[in-house]
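J.: Dropping the structure in here first, questions after.
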Amino acid sequence: MPRPLVILVHGTRFDARSWADYDELVDADLRAVDLPGHGVRAGQPWTTDAALAVVDEAVADAEPGTPIVLVGHSLGGFVATAWAQRHPAALAGLVLVGAMADPRRHRVLTRAYTDFARLLPVVGPQRMAVAANTVLRVMGLRGDMIPDATGYAVAPAAWHAIVSEAGAHQLPDVGCPVWLVAGGLDQLAIDTRWYARAARDARVVLVPGATHLLPFTHRRRLAAVISRAAGLG
């Protein structure tokens, strides 16, 4: 059987470099992608179809019969969920990290993100990035992982799509195990139990003390989950 292919999808403002260390921790073929407006796709507009096409391209590169595990953090997790909904029998595993907040259940949280998106054109991406990066450093993100302001250009459109389309209702038809990795301090893991009930085969992994930056601060813990999802341990 071919080695598993693990497709890694980053969060808002980050890019494929978010997963730079994971090739040393997961014994599989890893492919980290850039979503529209991020990394090598800077300047591209955001649509849900464009984001899903990025995953389509990565999947299309796999040899027939290759087990595919799709891993998404934050924005990438919502994209991964939407892709799995459209291709319910295509994956060997789906790993969602900090992407278990159902907009339909939390108007206050949803409003906070949409209001932030409205502020971006007023404040400007560069000034917003300075403020946001200060928070990231306080939360423990190392310097070489701090993102620039590039991804903010598509944040309003991306977050509008999430608010309009995302939710646990996307999971019931997904046939593979769904791994829900929740940091104990992550606001976007607030509906982990709700997502677990919606999935056919849910595996909940709670990481006490972890924030929304879990893929950066708890690499080995997440790598172990990815390896299990890929059938490697």
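J.: Being within 27 Å of L141 (Cα to Cα) and at pLDDT below 95: is that true of W179 here?
T.: So W179 fails the test.
J.: Among the residues of the range 207-233, write down those that are in contact with a Leu (Cβ under 9 Å, 6 or more places away or on another chain), over 13 Å from G93 (Cβ atoms) and open to solvent by 10 Å² or more (accessible area, probe 1.4 Å).
T.: P208, G209, T211, H212, F216, T217, R219, R220, R221, A224
J.: Please identify the pairs in which a residue from the range 148-167 that is closer than 15 Å to G76 by Cβ has its Cβ atom under 7 Å from the Cβ atom of a residue that is open to solvent by less than 10 Å² (accessible area, probe 1.4 Å) and part of a loop (DSSP other than H, G, I, E, B), counting only partners at least 6 apart or on another chain.
T.: The qualifying pairs are G151/G37; G151/H38; V154/P36; V154/G37.
J.: Could you say which residue among A84, A92 is open to solvent by 20 Å² or more (accessible area, probe 1.4 Å) and closer than 17 Å to V181 by Cα?
T.: Numbers: A84 fails: open to solvent by 20 Å² or more (accessible area, probe 1.4 Å).
Unique residue meeting the criteria: A92.
J.: Which of (1) open to solvent by 20 Å² or more (accessible area, probe 1.4 Å); (2) in contact with a Lys or Arg (Cβ under 8 Å, 6 or more places away or on another chain); (3) farther than 25 Å from P67 by Cβ does H38 not meet, given it meets every other one?
T.: That leaves (1) as the condition not met.
J.: Looking at L222, L185 in this structure, which one is within 23 Å of S18 (Cβ to Cβ) and either free of Cβ contacts under 8 Å to residues at least 24 places away in the same chain or not in a loop (DSSP other than H, G, I, E, B) (or both)? Quick ask: steps written out before the conclusion?
T.: Details: L185 fails: either free of Cβ contacts under 8 Å to residues at least 24 places away in the same chain or not in a loop (DSSP other than H, G, I, E, B) (or both).
One residue alone meets the criteria, L222.
J.: Among (1) surrounded by fewer than 24 Cβ atoms within 10 Å (Cβ to Cβ); (2) modelled with pLDDT under 95; (3) more than 26 Å from P172 (Cα to Cα), there is one condition R13 misses while meeting the rest; what is its number?
T.: (1)
J.: Which condition does A53 not pass, out of (1) assigned to a helix (DSSP H, G or I); (2) open to solvent by less than 10 Å² (accessible area, probe 1.4 Å), if it passes all the others?
T.: (2)
The values are calculated or read from the model by the stated rules, or taken from the named source; none is laboratory data. Because the structure is a prediction, the values reported are computed rather than measured. Note that we place each Cβ from the backbone using ideal geometry, even for glycine, and neighbour counts take in every protein chain shown. Note: accessible area is taken over every heavy atom of the protein model, side chains too, but ligands, DNA and RNA are not part of it. Shrake-Rupley method; radii C 1.70, N 1.55, O 1.52, S 1.80 Å.
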